[in-house]
Amino acid sequence: MNVIVTGAAGRMGKTNIKTAAEDKETQIIGAVETKGNPVIGTDAGLMAGMSPLGIAVVDDIGAVSGKADVIIDFTVAASLSAHLEYAVRNKTAVVIGTTGLGDKEFAMIDDAALKIPVIWAPNFSIGVNLIAKLTRIAAEMLNDGFDAEIVEMHHRMKKDAPSGTAIKLLNVVKDVYRTEDIVYGREGIAGERPPRQVGVMALRGGDVVGDHTVIFAGIGERVEISHKVSTRETFARGALRAAKYIYNKKPGRYTIEEVLGI
Ligand code: NAD
């Protein structure tokens, strides 16, 4: 499988390069960063803290030579359209891990999925996708008498809030509780908590890779479903697994649940 890694110098980009380079079935043929980034022209392997790969980081995905089977894209929302256009033009599958996407970006993904295989997931770890399922079971069983709150914590450099994963967990609770009453933090005389409200808190600090907890608080007892990531390789391995799952498939939008078989 021939892979292009975009956002190559980012926290996830470097981890994606390392994980793909260590995989026997995968060949990195391109590493892409933004124009003016000081890593342009340097060896992608050296940049990712490994031995040289013989691939120079480029500032334009169109400059990658060779035919890629899949693009692994963990960048920013603004870069999505260029990467999808390239993928559609070259019949390349795309694994997207970027969070903070809006309706416009999801519409672009759906459009591209008519022509190429695409997967977007806010979290490629197995564990988080398991807790999404556990959250649904808990919400269905506990429901009425239990107040649901979601707390996430990430490193100080994270740009979007709440995390894409917190939104995914929120959507599960919203769906089961049939509610649109969501509060993002509370301050001042916030008043009593109405039933079926869902609170979401985003904490930021240090180098926390990604913690999520869904709390179901009832009278006299509380259930907490937690997941903590200690290394970005967890996401990179999941993204690579997703790449292998989709790259030979017909066009369409695939889900992380399909990849993981849950
Ligand atoms: P980061 O800021 O460290 O890296 C992003 C990189 O993308 C930067 O180096 C930036 O220069 C580069 N970039 C921006 N525009 C580009 C373009 N047009 N072409 C090429 N490169 C471009 O951020 P990060 O921590 O690596 O996270 C990246 C994204 O992935 C965020 O949205 C984050 O929330 C998300 N993320 C998702 C998962 C998941 O499992 N889905 C896991 C971790 C992070």
Per DSSP, the loop-located trypsin sites (Lys or Arg not before Pro) within the range 1-94 having at most 10 other beta carbons within 10 Å are LYS24, LYS35, LYS67
Rounded to one decimal in nm, the spacing of the 7 Å Cα→Cβ label points at ARG253 and GLU140 is 2.3 nm
If the chain between ASP207 and ASN90 were fully extended at 0.36 nm per residue, the gain over the current Cα-Cα distance would be 38.4 nm
Of all GluC sites (Glu not before Pro) in the range 90-198, the ones in DSSP coil with at most 14 other Cβ atoms within 10 Å are GLU180, GLU187, GLU192
Mean 1/r over distinct Cα pairs of the chain, inverted to a Kirkwood Rh in Å, yields 19.4 Å
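How big is D for the range 126-229, in µm² s⁻¹ as a whole number, if Stokes-Einstein is applied with the Kirkwood radius of its Cα pairs at 4 °C and 1.567 mPa s?
93 µm²/s
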Taking only the alpha carbons of the range 216-262, the radius of gyration and the largest Cα-Cα distance, Dmax, both in angstrom, are 16.5, 52
Relative contact order in percent for the chain (Cα pairs under 8 Å, 6+ apart) equals 20 percent
Note, THR26: beta-carbon cut-off 14 Å, +1 each Lys/Arg, -1 each Asp/Glu, net +1
dims of the range 64-144, Cα set, principal axes, largest to smallest, nearest Å -> 54, 24, 22
Straight-line reach check, LYS67, cutoff 25 Å on alpha carbons, 8 or more apart in-chain or any other chain, hits among lysines -> LYS14, LYS18, LYS24, LYS35, LYS91, LYS115, LYS244, LYS249, LYS250
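Every read-out reported here was derived from the displayed coordinates using simple, explicitly stated rules and does not represent laboratory data. Bear in mind that the values here come from a model prediction, so they are computed numbers and not experimental data. All Cβ positions, glycine included, derive from the backbone under ideal geometry; neighbour counts span all protein chains shown.
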